[in-house]
1. By how many nm would the segment from Ser229 to Glu157 grow when fully extended, if each residue of separation counts as 0.36 nm and the alpha-carbon distance is taken off?
2. Quick one: plug the Kirkwood hydrodynamic radius of segment 1-157 (C-alpha pairs) into Stokes-Einstein at 37 °C, 0.692 mPa s, and report D in µm²/s.
3. Determine ³J(HN,Hα), in whole Hz, for all residues of segment 215-223 in sequence, where each value follows from phi through the Karplus function 6.51 cos²θ - 1.76 cosθ + 1.60 and θ = phi - 60°; x replaces Gly and Pro.
4. Can you tell me, using C-alpha contacts under 8 Å and at least 6 residues apart, the relative contact order of segment 1-139 as a whole percent?
5. Could you work out how far helix 152-165 tilts from the main Cα principal axis of the chain, as a 0 to 90 degree angle to the nearest 10?
6. Give, rounded to the nearest 20 debye, the magnitude of the charge dipole that the chain has about its Cα centre when Lys and Arg contribute +1 at Cβ and Asp and Glu contribute -1 at Cβ.
7. Mind checking the angle between helix 185-198 and the chain's longest principal axis? C-alpha axes, 0 to 90 degrees, to the nearest 10.
8. Could you compute the FRET efficiency for Ala110 and Arg241, with r as their C-beta to C-beta distance and R0 at 25 Å, rounded to 0.05?
Amino acid sequence: MCNQKGGVGKTTTTINLGAALARYGRRVLAVDFDPQGALSAGLGVAAHDVPTIYDLMLGHEKDPSVVIQRTETPNLDVIPANIDLSAAEVHLVSEVAREQILASVLRKVAPDYDVILIDCQPSLGLLTVNALTASHGVLIPLACEYFALRGVALLIETIEKVKDRLNPQLELDGIVATMYDSRTLHAREVLERVVNTFDDKVFDTVIGRTVKLPDASVAAKPILDYAPSNPASEAYLQLARELVARGTIA
Ligand code: ADP
Ligand code: MG
């Protein structure tokens, strides 16, 4: 889940797409890769005074199974992060194959999961390059607001560079429109522009704007548990089905 813009729905989509895929029986690992730790908090797992992705990246902890935490959602596990991760870029700069460190960490646990979702921080720095190098595909959440498309060209350029130089299998899986408010002409215009620009790369599923999503994060639950009848619950289930139908996820 990648977009160097903050507040576009990366973390919310990681949590709720993860929960939806877990509901459909996939074994899902969500990796918190943002020092803010919002993914960990939103799934109700401890991120302070516990080993985190930072310790795995720096080699302080070699065994990912020590770091992985279960959530209350069956089939959905998390590798947490906290503010320690903000120091990782500095420490990794001088490492050998510094872009491949997350990939080598996740390789150890990949056989235990059907899907691994990485919640990136809002930057295109070394951590995000690590995430792109470790991935088969990129999902870009775009909020249906002013300047939604600003920065996306640079993001796609970064994805192309990583594909070229580090990870030939990397694909742009698709763009998820989030925070869509069908009552405003503005949101409809933004969505139309996004579809005109990216065509079939845009998922048919659109995530509507609802206060139940931030409420669910505060309650540290996926919306499927917090407000199952809210349209956003169905939207994330539909996004999961769409990823399977497109062959992105087996
Ligand atoms: P990012 O990880 O890209 O920074 P978040 O997922 O944290 O973005 O979302 C930013 C804020 O917007 C959070 O408070 C989140 O709860 C809220 N939010 C996310 N998706 C929606 C939505 N569809 N409707 C309303 N609020 C949303
Ligand atoms: Mg986030």
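1. On the way: separation 72, 0.36 × 72 = 25.92 nm, distance 3.88 nm.
Additional length available on full extension: 22.0 nm.
2. Numbers: Rh = 15.6 Å.
This corresponds to a translational diffusion coefficient of 210 µm²/s.
3. For segment 215-223, the Karplus-derived couplings read 4, 5, 5, 5, 6, 6, 9, x, 5 Hz, x marking Gly and Pro.
4. Working: 251 pairs, mean separation 49.7, N = 139.
Relative contact order, segment 1-139: 36 percent.
5. Approximately 40 degrees, to the nearest ten.
6. That gives the chain a dipole magnitude of about 320 debye.
7. Orientation of helix 185-198: about 60 degrees from the principal axis.
8. On the way: r = 23 Å, r/R0 = 0.92.
Calculated transfer efficiency: 0.60.
All of the numbers you see were taken from the coordinates with simple rules; none came from a lab. Please read all numbers here as calculations on a predicted model, not as lab measurements. Reconstructed Cβ throughout: ideal geometry from the backbone, glycine too, with neighbour counts over all protein chains shown.
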